[in-house]
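Q: Following this message is one structure expressed as structure tokens.
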Amino acid sequence: MADNIILIGFMGVGKGRTARALAALTGRFAIDTDDLIESMVKMRIRDIFAEQGEAHFRQLEQQCATWLEGQVSHTIVSAGGGFFKVNNLQRLGQVIYLHSDLDSILEAIRSHPNAEQKMKKRPLFQDIARAEALFVERLPQYRQAADLEISVRGRTNADIAAEIVARLRS
């Protein structure tokens, strides 16, 4: 198993912000799987979904995970919301599930200074009932995939990062 820290969780939970705080605290690099995929295929995630479908995007996630396993170590990896389904997740590093309730996730996005762009980036949030169904479906799957679960509701990224470091050391 690689010595990476893999952050998983529902879209909008703050994986990217937490990865950056964790990188600042530990001196590790932070990378994002969605950014890697966009760079690989030179398309935005929403365009991949619209033009090639979710199944194709999941194949790209697996390609990304395979690359990470062979090429990346000692890194913080912020994973897309469905990335936890890749078949080599546990070999990538310690898997940390960042958990919050859906209402808190939506409130955090809506109160962000760049809220309109944040919502546009996550078209699933245009249909809250569908987002809630997916959240409920994924909750036990995230928990099963994770080595640790960290509650993020109402907490600062620095506090979350400090808890991750402390729990990984114990």
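Only the coordinates and a few stated rules stand behind these numbers; no lab work does. Please read these numbers as outputs of a predicted model, since none were measured by experiment. Neighbour counts are summed over all protein chains in view; Cβ atoms, including those assigned to glycine, are modelled from backbone coordinates with ideal geometry.
Q: Apply the a/c threshold of 1.5 to the C-alpha gyration tensor of the range 1-152 and tell me whether it is rounded, prolate or oblate.
A: rounded
Q: When the chain is treated as a GNM, springs tying every alpha-carbon pair under 10 Å, which of V86, V72, V41 comes out with the largest mean-square fluctuation?
A: Comparing V86, V72, V41 in a Gaussian network model of the chain, the most mobile one is V41.
Q: Helix by helix, which DSSP H runs in the chain go 15 Å or more along their axis at the Cα atoms and have an average Kyte-Doolittle hydropathy of -1.0 or more?
A: Correct list, ordered by number: 15-26, 45-71, 128-145, 157-169.
Q: How do D3, D32 rank when sorted from fewest to most other Cβ atoms within 10 Å of their own Cβ?
A: D3, D32
Q: Given a Förster distance of 41 angstrom, what is the FRET efficiency for K42 paired with A166, based on the Cβ-Cβ distance and rounded to 0.05?
A: Taking R0 as 41 Å, the efficiency between K42 and A166 is 0.55.
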